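This report concerns only the one structure given below.
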Amino acid sequence: MIASKTTKLREKFVIASQVAKTGILAFLCVVLLGLGQAVFAQGGVALYSGTFDLPHYSHREIAERVAKEFELEKLFILVNPVSEHKTGISPLEDREAWVDTLFENTAHSAVEVQNSSLKLAFDEDDVSGVLRKIESTHKGKKIYQIMGMDSFERYLKVENPYRPDNFNLVVFSRFTRSKSKRRKRETIFRAFQKKHSEVHVHRISISSKQQKRSSRRIKRQLKRILEDTSLEVLAAYLSQCKQGFEKGNSE
């Protein structure tokens, strides 16, 4: 009688152990699956578009900084053909050539300039088309859109903009000592985050005012020079200047 009860208890213990092992294995599978999905979602892809008229070193610094900070697989630089809020912008071909030159020696391998398929997507459906294209070709990845504070304020006024899954905004705001401007920015960010809690907003401060001023000044000077001479003559002169600088540095 006692032996029979002992046998039944042993059988129940064996069954309970098997159930426990099965539960533990199931739990481990879920954990590993979650880790696998997290690893798969790591990296991400970013879009940095704009008129880039004129492009300056802060543009490159922004791209390299974001690519490094978020460990991006790819960061696409796209020159917008037109601008709804700027007038008198330089020809698209010139701006594309300037951007190519600016990012020619970028420090981060993830940066890619003027992807042809994304340019076609932009022609078909503006930035929304580009985001859809990125989402379809990089499934499961986080998608970042990089913009300045001015662009972010315009973005807030767009009705139902397209937002992919795992969508993130990276907003670069210019450095300011003005407390009122800082409070205004904080109010804007809080209001957006409250309304669109599914969108992660990463804020990074950068001071590019001096470089932008220099770019505008150079652009005005070039415009005056080109009124008196041809682009070919100017190019030849700049080439001579470059050779002189290189010779001076080597001596």
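The values are calculated or read from the model by the stated rules, or taken from the named source; none is laboratory data. Bear in mind that the values here come from a model prediction, so they are computed numbers and not experimental data. With ideal geometry, Cβ positions are generated from the backbone for all residues, glycine too; neighbour counts draw on all protein chains shown.
Scanning the range 164-180 for residues that are crowded, with 17+ Cβ neighbours inside 10 Å, farther than 18 Å from Leu47 by Cβ and under 16 Å from the mean Cα position of the chain (by Cα) turns up at least one hit. Out of all the residues in the range 185-200, is one or more in contact (Cβ under 8 Å) with a residue 60 or more places away in the chain, assigned to a strand (DSSP E or B) and within 16 Å of the chain's Cα centre (by Cα)? The answer is no, given that none of the residues of the range 185-200 is in contact (Cβ under 8 Å) with a residue 60 or more places away in the chain, assigned to a strand (DSSP E or B) and within 16 Å of the chain's Cα centre (by Cα).
Condition first: modelled with pLDDT under 75, of a type in the set (Lys, Arg) and either within 20 Å of His56 (Cα to Cα) or more than 35 Å from the chain's Cα centre (by Cα) (or both). Can you find one or more residues in the range 201-209 that meet it? Within the range 201-209, one or more residues are modelled with pLDDT under 75, of a type in the set (Lys, Arg) and either within 20 Å of His56 (Cα to Cα) or more than 35 Å from the chain's Cα centre (by Cα) (or both).
Listed by first and then second residue, the pairs with beta-carbon distance under 8 Å, at least 6 apart or on different chains, first residue in the range 125-151 and farther than 20 Å from Ala110 by Cα, second of a type in the set (Lys, Arg), are Asp125/Arg132; Gly148/Arg174; Met149/Arg174; Met149/Arg185. Within the range 74-88, being touching a Leu at 6+ places or on another chain (Cβ under 9 Å), in a loop (DSSP other than H, G, I, E, B) and surrounded by 12 or more Cβ atoms within 10 Å (Cβ to Cβ) holds for Asn80, Pro81. Any residue at all in the range 90-100 that's more than 24 Å from Glu135 (Cα to Cα) and part of a loop (DSSP other than H, G, I, E, B)? For the range 90-100, residues more than 24 Å from Glu135 (Cα to Cα) and part of a loop (DSSP other than H, G, I, E, B): present. The listed residues are Gly148, Gly140, Gly129, and the only one of them that is assigned by TED's automatic domain parsing to the domain that holds Tyr48 and at positive phi turns out to be Gly140.
When Lys119, Lys139 are screened for being more than 14 Å from the chain's Cα centre (by Cα), assigned to a helix (DSSP H, G or I) and of a type in the set (D, E, K, R), only Lys119 passes.
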